[in-house]
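Remarks on the structure that follows.
The values are calculated or read from the model by the stated rules, or taken from the named source; none is laboratory data. This structure is a prediction, so every number in the text was calculated from the model and none was measured. Don't worry about glycine lacking a Cβ; one is built from the backbone with ideal geometry, like all the others, and counts go over all protein chains shown. Each accessible area value is taken on the protein alone, full model and side chains, heavy atoms only, with ligands, DNA and RNA left out. Shrake-Rupley method; radii C 1.70, N 1.55, O 1.52, S 1.80 Å.
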Amino acid sequence: MHLLLNNLTDKELLLRIKKFQDREAAGVLLDRYSHLLVAVSLPRFTSEKTAEVALPELTRQLYTRIQSAFGKLNESVYALVQSYFGKGSSVPVFYPNQALYRLETRIEHAGNNPIAKEALMTHLEKALTKLNAEDLQLITQFYLEQQSFSDIAKKQNISKDKVRHTLKGVKKKLATHLMDQAYE
């Protein structure tokens, strides 16, 4: 079974873990990412946090994170090592892509649930107030007014790629603000 699971993508393995609590799929992911865990940890070992002490603890924490992981696991591994060897903040480190994946998942799970939708709208309104005027204008033009990249680019005298790139950055900022709200 382990050989069959090796052929699956990370996303498929994470789905198996969430749906079926498949410990063997978690083992495959641990096997895939253990080398990265060691590589990122190596420069941080000290006399207090030696490899013999840190690596088993980090592996246990990684296994726990895999159970509820979103997005790219390499970002989770890096964040795990940062928090373990860092100042030990109680708020986990999130990367913009990870926050975006979590937001998309929250939106999907809200589905037809009016309570979840209302809570999401409240958080979204708060996050929108934290954006600067230019970012808010871009989001409004693209999503509410449904203007194309070409139309926005013509109005602002910039390229379509610049609009696309800026919008992607704004979405990441918005997702990060939403994740920050969850920990306030």
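Scanning segment 3-42 for residues that are polar (S, T, N, Q) and part of a helix (DSSP H, G or I), which turns out farthest from Phe85 (Cα to Cα)? Show your work before the answer.
Taking segment 3-42 first, the residues polar (S, T, N, Q) are 6-7, 9, 21, 34, 41.
Then drop every residue that is not part of a helix (DSSP H, G or I), which leaves 6, 34, 41.
Working: Asn6: 30, Ser34: 17, Ser41: 8 Å.
Top of the filtered list is Asn6.
Which residue, of Val40, Val28, Val77, Val91, is within 22 Å of Thr176 (Cα to Cα), modelled with pLDDT of 85 or more and either open to solvent by 30 Å² or more (accessible area, probe 1.4 Å) or not basic (Lys, Arg) (or both)? Quick ask: steps written out before the conclusion?
Details: Val40 fails: within 22 Å of Thr176 (Cα to Cα); Val28 fails: within 22 Å of Thr176 (Cα to Cα); Val91 fails: modelled with pLDDT of 85 or more.
Being within 22 Å of Thr176 (Cα to Cα), modelled with pLDDT of 85 or more and either open to solvent by 30 Å² or more (accessible area, probe 1.4 Å) or not basic (Lys, Arg) (or both) holds for just one of Val40, Val28, Val77, Val91, which is Val77.
If you go through segment 43-50 one residue at a time, do you hit one that is more than 16 Å from Gly86 (Cβ to Cβ), assigned to a helix (DSSP H, G or I) and open to solvent by 60 Å² or more (accessible area, probe 1.4 Å)?
No.
What's the number of the condition Gln21 fails, among (1) modelled with pLDDT under 90; (2) over 21 Å from Thr105 (Cβ atoms)?
In the conditions (1) modelled with pLDDT under 90; (2) over 21 Å from Thr105 (Cβ atoms), Gln21 misses (2) alone.
Within segment 151-178, can you find the residues that are within 16 Å of His123 (Cβ to Cβ) and hydrophobic (A, V, I, L, M, F, W, C)?
Leu174, Ala175, Leu178
Would it be correct to say that Ser34 is open to solvent by 60 Å² or more (accessible area, probe 1.4 Å) and either within 18 Å of the chain's Cα centre (by Cα) or among the small types (Gly, Ala, Ser) (or both)? Don't jump to the end; show me each part of the working.
Working: open to solvent by 60 Å² or more (accessible area, probe 1.4 Å): no; either within 18 Å of the chain's Cα centre (by Cα) or among the small types (Gly, Ala, Ser) (or both): yes.
So Ser34 fails the test.
Going by the conditions given, is Arg60 more than 21 Å from Lys168 (Cβ to Cβ) and at pLDDT 90 or above?
Here the answer is yes, as Arg60 does meet what is asked.
Against the condition more than 21 Å from the chain's Cα centre (by Cα), open to solvent by 50 Å² or more (accessible area, probe 1.4 Å) and at pLDDT below 90, how does Leu15 come out, does it pass?
no
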